[in-house]
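The values are calculated or read from the model by the stated rules, or taken from the named source; none is laboratory data. Just so you know, these numbers come straight off a predicted model, no measurement behind them. Glycine gets a Cβ as well: all are built from the backbone with ideal geometry, and neighbour counts include every protein chain shown. Side chains included, ligands, DNA and RNA excluded: accessible areas come from the protein's heavy atoms. Shrake-Rupley method; radii C 1.70, N 1.55, O 1.52, S 1.80 Å.
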Amino acid sequence: MGLALMVLIWLITLVSTYFFVAKTWWLPVGAAAAADFIDKQFDLTFVIMGVVFLAAQLGLGYIVWKYRETPSSPPVSYSHGSTTLEVTWTLLTTVLFIGLNLMGSSVWASQRFDAAEAGAVQVEVTGMQFAWYFRYPGPDGKYGKTSVSLMDPSAGGEAAVGLSQTDPAAKDDVVTGTMFLPVNREVDVSLRAVDVIHSFFVPNLRFKQDAVPGLNIHMHFKPTAVGEYEIACAELCGLGHYKMHGMVHVVSQEDFDKWLAAREAEKQ
Ligand SMILES: [Cu+2]
């Protein structure tokens, strides 16, 4: 029985490790400037955790077999633990956890706390049950006022994000249901949420950040490849969470300008 259990534990361990090594399920192709760094960090975390996981599970299987009950087994003796061992593995885990965080923090923190490059494209992303809206400040480069009292999610578009109809700066704001971005230019995103917490997740752009009601969260990133990338909501936000997705179209600067001009023209 001990042998069967050991084989079962080892089998489950090795089969599940295989899926990670073979990258059966993996991130889609990275299309942002930080993607390389994030992927390397991701790989490093998986390798370190993989080694710890393998050692722990293979060891567990071995011990299950070694200490199985046999007719000649001695009476059970109980261990009351080892302070040295406990201190050692707690310290090692702490070093690993803090070390990995520090290594990744340069990119994570700079995307959030450093200012975006000059000339970055401004886009405000608003999440609500169950849609994403994107607002561009228009030729004046200034977002117009929005107000909670004006928000009407069922109306969609400008009304959904509560755009003021009287503020002059709001006149040229463009609100769309699809995100367009120029390639190789930094994007300065302002993230907002209307009702509950959502999470703006674009796997290809390695961009994931919660949108929290009452907060305006800034983040910046740079798309580096033209293409269409799916946006998902990565925070369970209600019954329609599964269908809360959208598309990012990363296009040339020329196509982006054309697209934005066409949206402006529609407003007139
Ligand atoms: Cu959501």
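Pick from 130, 134, 200, 180: which is open to solvent by 30 Å² or more (accessible area, probe 1.4 Å) and touching a strand residue (DSSP E or B) at 6+ places or on another chain (Cβ under 6 Å)?
Working: 130 fails: touching a strand residue (DSSP E or B) at 6+ places or on another chain (Cβ under 6 Å); 134 fails: open to solvent by 30 Å² or more (accessible area, probe 1.4 Å); 200 fails: open to solvent by 30 Å² or more (accessible area, probe 1.4 Å).
None of the other options fit; the residue is 180.
Yes/no per residue for (1) at pLDDT 85 or above; (2) more than 24 Å from residue 206 (Cβ to Cβ); (3) outside the structural domain of residue 100 (by TED's automatic domain parsing); (4) surrounded by 13 or more Cβ atoms within 10 Å (Cβ to Cβ):
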position	(1), (2), (3), (4)
19	yes, no, no, no
41	yes, no, no, yes
45	yes, no, no, yes
50	yes, no, no, yes
54	yes, yes, no, yes
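Cβ-Cβ under 7 Å, sequence separation 6+ or interchain: first residue in the stretch 35-55 and more than 11 Å from residue 103 (Cβ to Cβ), partner part of a helix (DSSP H, G or I) and open to solvent by 80 Å² or more (accessible area, probe 1.4 Å). Which pairs?
46/20; 50/20
Of the numbered conditions (1) touching a residue at least 60 places away in the same chain (Cβ under 8 Å); (2) within 19 Å of residue 112 (Cα to Cα); (3) within 14 Å of the ligand (Cβ to nearest atom); (4) not acidic (Asp, Glu), residue 203 satisfies every one except a single condition; which is it?
Evaluating residue 203 over (1) touching a residue at least 60 places away in the same chain (Cβ under 8 Å); (2) within 19 Å of residue 112 (Cα to Cα); (3) within 14 Å of the ligand (Cβ to nearest atom); (4) not acidic (Asp, Glu) leaves (3) as the failure.
Do we have any residue at all in the stretch 25-32 that's without any contact (Cβ under 8 Å) to a residue 24 or more places away in the chain, exposed (fewer than 13 other Cβ atoms within 10 Å of the Cβ), closer than 28 Å to residue 231 by Cα and in contact with a helix residue (DSSP H, G or I) (Cβ under 8 Å, 6 or more places away or on another chain)?
Within the stretch 25-32, the subset without any contact (Cβ under 8 Å) to a residue 24 or more places away in the chain is 25-26.
Still in the running and exposed (fewer than 13 other Cβ atoms within 10 Å of the Cβ): 25-26.
Filter once more, keeping what is closer than 28 Å to residue 231 by Cα: 25-26.
Of the ones still in play, those that are also in contact with a helix residue (DSSP H, G or I) (Cβ under 8 Å, 6 or more places away or on another chain) are 25.
Yes: one or more hits.
Run residue 175 past the list (1) open to solvent by less than 10 Å² (accessible area, probe 1.4 Å); (2) not in a loop (DSSP other than H, G, I, E, B); (3) not polar (S, T, N, Q) and report the number of the one that doesn't hold.
Checking residue 175 against (1) open to solvent by less than 10 Å² (accessible area, probe 1.4 Å); (2) not in a loop (DSSP other than H, G, I, E, B); (3) not polar (S, T, N, Q), the one that fails is (1).
Of 96, 91, which residue is open to solvent by less than 80 Å² (accessible area, probe 1.4 Å) and either under 30 Å from residue 224 (Cα atoms) or assigned to a helix (DSSP H, G or I) (or both)? Can you show your working first?
Working: 91 fails: open to solvent by less than 80 Å² (accessible area, probe 1.4 Å).
One residue alone meets the criteria, 96.
Of all residues in the stretch 78-110 being at pLDDT 90 or above and among the polar types (S, T, N, Q), which is nearest to residue 52 (Cα to Cα)?
93
If you go through the stretch 216-247 one residue at a time, how many are away from the ligand (no atom under 16 Å from the Cβ) and either open to solvent by 40 Å² or more (accessible area, probe 1.4 Å) or in a strand (DSSP E or B) (or both)?
Within the stretch 216-247, the subset away from the ligand (no atom under 16 Å from the Cβ) is 216, 218-229.
Pick out the ones that are also either open to solvent by 40 Å² or more (accessible area, probe 1.4 Å) or in a strand (DSSP E or B) (or both) and you get 216, 218-224, 226-229.
Of the residues in the stretch 216-247, 12 are away from the ligand (no atom under 16 Å from the Cβ) and either open to solvent by 40 Å² or more (accessible area, probe 1.4 Å) or in a strand (DSSP E or B) (or both).
Looking at (1) under 17 Å from residue 132 (Cα atoms); (2) modelled with pLDDT of 90 or more; (3) under 15 Å from the mean Cα position of the chain (by Cα), which one does residue 213 not meet, given that it meets all the others?
Here residue 213 meets the rest and fails (3).
Residue check, residue 172 against (1) on the phi > 0 side of the Ramachandran plot; (2) touching a Pro at 6+ places or on another chain (Cβ under 6 Å), all met but one. Which one?
Failing condition for residue 172: (1).
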